[in-house]
Amino acid sequence: MSGSPPIMTLTAVAKSVLLLVTLALPSLAQAEPGCMANINLALTLSSTTPGTFERGPNGEYILDGNKKRIPASYYFYTTTNGLTGYEERFVKAATRKYGMRELLEDLREKGVFPAGETSIKGWSLKLVNTADREDFHTYLYKTGHTPVKVTDVLSVEIVTSFLTGKTNAKAIYAAPKGPLKSATMTGTLNFKGTVNLSLGGETLGFGVNMQGMGTGTAKPKLLPGNIETITLVSVKTTGLHGEFGGPGSENFAEGTFSATAPVLVEDLAATFPDFF
């Protein structure tokens with residue numbers, strides 16, 4: 001979804017790498033770098049369903065055109081002498097699992113996959129972001145194929161509120177006071193925050209909006225050819241829950257989301273069409 005908020009704001013990371021950013025070496029390329037991470041999703045979608053059947057004014061079951069009882073959540077009737085009334089309210093829960101396989105199958109059936117693709121084998125979802133984490137998108141991905149942007153189907157926002165850890169930077173100069181010869185950076189930051197996840201929309205025919213706590217790690221990495229940094233982030237959620245079916249719905253969604261194993265992408269525009 002173009003214009004979505006950044007997946008992560010890591011102020012502490014930005015401060016810790018400020019020295020290296022201001023000492024940038026000439027870049028070997030004009031490419032816009034970023035990173036991509038595997039997405040894992042495991043949800044349980046719960047909806048309500050009638051638990052009883054419609055009855056007539058005297059308690060007899062009402063049948064449809066096929067002579068089958070009609071499901072209902074409520075009925076009321078009285079005995080033929082009018083002395084006794086009966087009422088029943090009965091609503092049951094119907095649940096289904098919705099994970100990566102189900103999402104990929106839905107995307108394939110809805111024609112989101114490249115033309116001619118008849119199987120989800122080898123396909124995955126990637127969370128892709130710029131080096132400064134100002135922009136991110138979700139893509140269908142398979143090695144050897146052109147990735148397909150699906151941010152309108154699955155978007156994730158992670159708002160960091162608690163950050164601990166440390167990073168270490170080392171700069172080596174060719175001579176006193178410059179020029180800069182090389183630099184290294186190590187360290188890991190641990191964070192906690194809020195995860196907001198949106199799934200579905202017109203493409204899938206249903207919508208899920210969820211929120212939960214996210215925990216993970218952020219590791220700064222030097223980009224090839226210069227000493228600017230990119231933050232590689234892995235995250236997992238706990239207590240992810242929310243609405244299934246829209247505002248005011250009695251349906252419920254719960255589950256987990258994670259983005260793991262981030263890797264560097266040296267040129268986002270060349271790898272992921274329509275990223276910018």
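The numbers here are math on the coordinates, done by the rules we state, and not lab data. Predicted model only: the values in this text are computed from it and were never measured. We place every Cβ from the backbone using ideal geometry, glycine too, and count neighbours over all the protein chains shown.
Taking only Cα atoms and a 10 Å spring cutoff, compute GNM fluctuations for the chain and point out the largest among Ser161, Ser46, Ser258.
Ser161
Which FRET efficiency, nearest 0.05, do Lys192 and Thr143 yield, Cβ-Cβ r, R0 35 Å?
0.55
At 4 °C and 1.567 mPa s, grab the translational diffusion coefficient of region 132-173 from Stokes-Einstein with a Kirkwood Rh over Cα pairs, rounded to a whole number in µm² per second.
In µm²/s, the coefficient is 90.
Taking region 69-113, which trypsin sites (Lys or Arg not before Pro) meet the DSSP loop condition and have no more than 13 other C-beta atoms within 10 Å?
Filter output for region 69-113: Lys110.
What fraction of the Cα pairs in the chain, stated in percent, has a spacing above 26 angstrom?
Of all Cα-Cα distances in the chain, 56 percent exceed 26 Å.
Any of Lys149/Lys192; Lys126/Lys236; Lys149/Lys219; Lys181/Lys219; Lys170/Lys221 with alpha carbons more than 21 Å apart? Name them for me.
Lys149/Lys192; Lys149/Lys219; Lys181/Lys219
Order 139-145, 124-130, 56-62 from most to least packed using the mean count of other Cβ atoms within 10 Å.
Highest to lowest by the protection proxy: 124-130, 139-145, 56-62.
Give, in nm to one decimal, the length gained when the segment between Ser182 and Lys166 is fully stretched (0.36 nm per residue of separation minus the Cα-Cα distance).
Computed gain between Ser182 and Lys166 is 3.7 nm.
How far apart, in nm, are two points set 7 Å out from the Cα along the Cα-to-Cβ line at Phe276 and at Arg101?
Using points 7 Å along Cα→Cβ, the separation is 4.0 nm.
Given 4 °C and 1.567 mPa s, compute D for region 232-271 with the Stokes-Einstein relation, Rh being the Kirkwood radius over Cα pairs; round to the nearest whole µm²/s.
99
Work out how much length Ala94 to Ala115 would gain on full extension: take 0.36 nm times their residue separation and subtract the Cα-Cα distance, in nm to one decimal.
4.1 nm
In nm, what is the difference between 0.36 nm times the number of residues separating Glu202 and Lys68 and their Cα-Cα distance?
That pair, Glu202 and Lys68, stretches by 44.9 nm at full extension.
Label Met213 and Thr79 with points 7 Å out from Cα along Cα→Cβ: what is the distance between them in nm?
5.6
Roughly how many whole Å is it from the C-alpha centroid of region 146-183 to that of region 54-91?
65
So how far apart, in nm, are the two label points at His241 and Tyr61 if each is 7 Å from Cα heading toward Cβ?
Between His241 and Tyr61, the label points sit 3.6 nm apart.
Please say if region 178-276 is rounded, prolate or oblate, where rounded means a/c under 1.5 for a ≥ b ≥ c the square roots of the C-alpha gyration tensor eigenvalues, and otherwise the choice is prolate for a/b larger than b/c and oblate otherwise?
Since a/c reaches 1.5 but b/c is at least a/b, the shape of region 178-276 is classed as oblate.
Taking 35 Å as R0, compute the FRET efficiency from the Cβ-Cβ separation of Ser46 and Tyr86 and round it to 0.05.
Efficiency at R0 = 35 Å is approximately 0.75.
For every helix of n ≥ 4 consecutive DSSP H residues, a contribution of -39,500 (n - 2.57) applies; sum these over the chain, divide by its total residues, and give [θ] at 222 nm rounded to the nearest 500 deg cm²/dmol.
-2000 deg cm²/dmol
According to the Kirkwood expression over distinct Cα-Cα pairs, how big is the hydrodynamic radius of region 176-222, in Å?
14.8
Please grab the % of Cα pairs in region 110-257 that end up more than 24 Å from each other.
Value for region 110-257: 50 percent of Cα pairs lie more than 24 Å apart.
When the chain is modelled as a GNM with alpha-carbon springs shorter than 10 Å, which of Ser198, Ser234, Ser182 fluctuates the most?
Evaluated over the chain, the most mobile residue of the options is Ser182.
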